[in-house]
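Take this structure, written in structure tokens, and hold onto it; I'll ask about it next.
The values are calculated or read from the model by the stated rules, or taken from the named source; none is laboratory data. Keep in mind the model is a prediction, meaning the values are calculated, not measured. Note: ideal-geometry Cβ built from the backbone for every residue, glycine included; neighbour counts use all protein chains shown. Areas reflect the complete protein model, heavy atoms only, side chains present, ligands, DNA and RNA absent. Shrake-Rupley method; radii C 1.70, N 1.55, O 1.52, S 1.80 Å.
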Amino acid sequence: MSNIAVIGTGYVGLVTGTCFSDLGNNVTCVDVVQEKIAGLNQGKSPIYEPGLEEMIGRNMKAGRLHFTTSYETALQDAEFVFIAVGTPESPDGSADMRYVESAACSIGKVAPGRAAQPMAIINKSTVPIGTGDVVGKLVREASGDTFSFAVVSNPEFLREGQALLDFMHP
């Protein structure tokens, strides 16, 4: 199966990473909030979604689901990197892109030091049109354009209370 990194362990990122691991993939979820990662490493979900905590525990026990605050660890063998960070509303009503931009810069800084293989960077966060171009530019700038990657979009479509079902049966 594939090696997948998911950046962000909020609603979308945690469900995405957990479900991909349940499908047999090796998944490492990364988040900058140490307390959240500490809880997840104990099998405790920071959000409530029916069946999610059980699925987290099952996949951690199987060795397919991991949580870290280290981009280096998360990206080491990743073939696919999902950006699933928050995009809160800015004061003017537009999407606040600072977390997406930060994730893109972090990918660019860390990815060149990992195993040499192409990487697909997937925008999973709810973002405006043109974000793929922005992410690609930031990754290239931060990396010195030293590794092969593509940026694609996979919009979020999960309903609260039905997220596992929505992911597994889109």
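In region 42-75, what residues are charged (D, E, K, R), over 15 Å from SER2 (Cβ atoms) and surrounded by 15 or more Cβ atoms within 10 Å (Cβ to Cβ)?
Filtering region 42-75 for residues charged (D, E, K, R) gives 44, 49, 53-54, 58, 61, 64, 72.
Those still in the list that are over 15 Å from SER2 (Cβ atoms) too: 44, 49, 53-54, 58, 61, 72.
Answer for region 42-75, where residues must be charged (D, E, K, R), over 15 Å from SER2 (Cβ atoms) and surrounded by 15 or more Cβ atoms within 10 Å (Cβ to Cβ): GLU49, GLU53, ARG58.
Still on this structure, I have one more. Could you tell me which residue of region 104-121 is surrounded by the fewest Cβ atoms within 10 Å (Cβ to Cβ), considering only residues that are outside any helix (DSSP H, G or I) and in contact with a helix residue (DSSP H, G or I) (Cβ under 7 Å, 6 or more places away or on another chain)?
Out of the qualifying residues, it is ARG114.
Can you name every residue in region 88-103 that is touching a strand residue (DSSP E or B) at 6+ places or on another chain (Cβ under 7 Å) and either buried (at least 19 other Cβ atoms within 10 Å of the Cβ) or closer than 22 Å to GLY144 by Cβ (or both)?
VAL100, ALA103
What are the residue pairs meeting all of these: first residue in region 98-121, first residue under 11 Å from PHE82 (Cα atoms) and at pLDDT below 95, second residue of a type outside the set (Val, Ile, Thr) and outside any loop (DSSP other than H, G, I, E, B), Cβ atoms under 6 Å, and 6 or more apart or on different chains?
Sorted first by the residue in region 98-121, then by its partner, the pairs are MET119/PHE149.
Sticking with this one: For region 9-50, what are the residues that are closer than 20 Å to LEU158 by Cα, acidic (Asp, Glu) and assigned to a helix (DSSP H, G or I)?
Correct list: ASP22 only.
Follow-up. What number of residues within region 122-147 are part of a helix (DSSP H, G or I) and either in contact (Cβ under 8 Å) with a residue 40 or more places away in the chain or not aliphatic (A, V, I, L, M) (or both)?
Here the count works out to 9.
Which numbered condition in (1) touching a residue at least 60 places away in the same chain (Cβ under 8 Å); (2) open to solvent by less than 10 Å² (accessible area, probe 1.4 Å); (3) within 20 Å of LEU165 (Cβ to Cβ) is the only one that ILE7 fails?
Unmet condition: (3).
Condition check: farther than 30 Å from GLY144 by Cβ and open to solvent by less than 30 Å² (accessible area, probe 1.4 Å). Does GLY39 satisfy that?
Taking the combined requirement at face value, the residue satisfies it.
Now for a separate question. Can you report the number of residues in region 79-97 which are modelled with pLDDT under 90, of a type outside the set (Gly, Ala, Ser) and in a strand (DSSP E or B)?
So the count comes out to 1.
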